[in-house]
């Protein structure tokens, strides 16, 4: 039987998101990752794939996992349409250090179909409510975005991922790619220490995550390309309060 705190189906006029417990499977599915064709961008600087910053270590203090639960999670947007059940899958790690969203429809192509607009956009807004035990609070440490892009010369892709607690300032991560390119990508954006925003101390915490793509073909209206985000991994850090 599934653990009720990790298996929740919510239907509130938005897409249904499946919450699953952490597993040993690849969150991208069974498709292998080809590191030889991967671009890694950390805060807009290019590094080798083995230089991706590590998530919070095992010695980081976290609350008792049995006292933390996802109460609800809903999504809406062109990249997670309400009629497409399972368009987003969320996974809260067992050690409570990350929340991963896997998208099925966060994809753009150019041309979108003659004549086609020169600029195309797609987005997905996910709202979540998590039960935090008394004496604890959490904040976003970083966002890791994975996907792939195949862009001809002149095409430009812009990725935006943001995270915010309702009623508080948020963190925006912006990354850009220019053609000619055909590769997988990993964007890692770390929240600066001075920009950390913490949740309330204990209780039911509401927060939102917005992901959007913009594919610009103004400089090459006849150019072809695709841009896709497969996962956003939100690294979480905890603190006693």
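Please determine whether any residue of the stretch 227-237 is outside any strand (DSSP E or B) and surrounded by 18 or more Cβ atoms within 10 Å (Cβ to Cβ).
Narrowing the stretch 227-237 to residues outside any strand (DSSP E or B): none.
No, the stretch 227-237 contains no residue that is outside any strand (DSSP E or B) and surrounded by 18 or more Cβ atoms within 10 Å (Cβ to Cβ).
Test residue 174 against the criterion of being closer than 24 Å to residue 106 by Cα and over 13 Å from the mean Cα position of the chain (by Cα), and give yes or no.
The answer is no for residue 174.
Considering every residue within the stretch 124-143, establish whether at least one is in contact with a strand residue (DSSP E or B) (Cβ under 7 Å, 6 or more places away or on another chain), more than 21 Å from residue 235 (Cα to Cα) and surrounded by 15 or more Cβ atoms within 10 Å (Cβ to Cβ).
Going residue by residue through the stretch 124-143, those that are in contact with a strand residue (DSSP E or B) (Cβ under 7 Å, 6 or more places away or on another chain) are 124-132, 135-143.
Those still in the list that are more than 21 Å from residue 235 (Cα to Cα) too: none.
There is no residue in the stretch 124-143 that is in contact with a strand residue (DSSP E or B) (Cβ under 7 Å, 6 or more places away or on another chain), more than 21 Å from residue 235 (Cα to Cα) and surrounded by 15 or more Cβ atoms within 10 Å (Cβ to Cβ).
Would you mention how many residues in the stretch 116-137 are in a loop (DSSP other than H, G, I, E, B) and either in contact with a helix residue (DSSP H, G or I) (Cβ under 6 Å, 6 or more places away or on another chain) or modelled with pLDDT under 95 (or both)? Before the answer, list the steps.
In the first step, residues of the stretch 116-137 are kept if they are in a loop (DSSP other than H, G, I, E, B); the result is 116-118, 133-135.
Checking the rest, the ones that are also either in contact with a helix residue (DSSP H, G or I) (Cβ under 6 Å, 6 or more places away or on another chain) or modelled with pLDDT under 95 (or both) come to 116-118, 133.
Total satisfying the criteria: 4.
Residues 208, 195, 200: which one is within 30 Å of residue 132 (Cβ to Cβ), touching a strand residue (DSSP E or B) at 6+ places or on another chain (Cβ under 7 Å) and at pLDDT below 90? Full working, then the answer.
Working: 208 fails: at pLDDT below 90; 200 fails: at pLDDT below 90.
Exactly one of 208, 195, 200 is within 30 Å of residue 132 (Cβ to Cβ), touching a strand residue (DSSP E or B) at 6+ places or on another chain (Cβ under 7 Å) and at pLDDT below 90, namely 195.
Within the stretch 170-206, restricting attention to residues that are surrounded by fewer than 18 Cβ atoms within 10 Å (Cβ to Cβ) and in contact with a helix residue (DSSP H, G or I) (Cβ under 8 Å, 6 or more places away or on another chain), which residue is nearest to residue 39 (Cα to Cα)?
Pass one, the stretch 170-206, residues surrounded by fewer than 18 Cβ atoms within 10 Å (Cβ to Cβ): 170, 172, 174, 176, 178, 180, 182-183, 190, 192-198, 200-204, 206.
Cutting the leftovers down to in contact with a helix residue (DSSP H, G or I) (Cβ under 8 Å, 6 or more places away or on another chain) gives us 182-183.
Working: 182: 10, 183: 7 Å.
Filtering the stretch 170-206 for residues that are surrounded by fewer than 18 Cβ atoms within 10 Å (Cβ to Cβ) and in contact with a helix residue (DSSP H, G or I) (Cβ under 8 Å, 6 or more places away or on another chain), the one nearest to residue 39 (Cα to Cα) comes out as 183.
Of the residues 154, 113, which is modelled with pLDDT of 90 or more, in a loop (DSSP other than H, G, I, E, B) and at positive phi?
Values: 113 fails: modelled with pLDDT of 90 or more.
That would be 154, the only listed residue that is modelled with pLDDT of 90 or more, in a loop (DSSP other than H, G, I, E, B) and at positive phi.
The values are calculated or read from the model by the stated rules, or taken from the named source; none is laboratory data. These numbers were taken from a predicted model, which means no experiment stands behind them. No Cβ is skipped: glycine too gets one built from the backbone with ideal geometry, and neighbour counts run over all protein chains shown.
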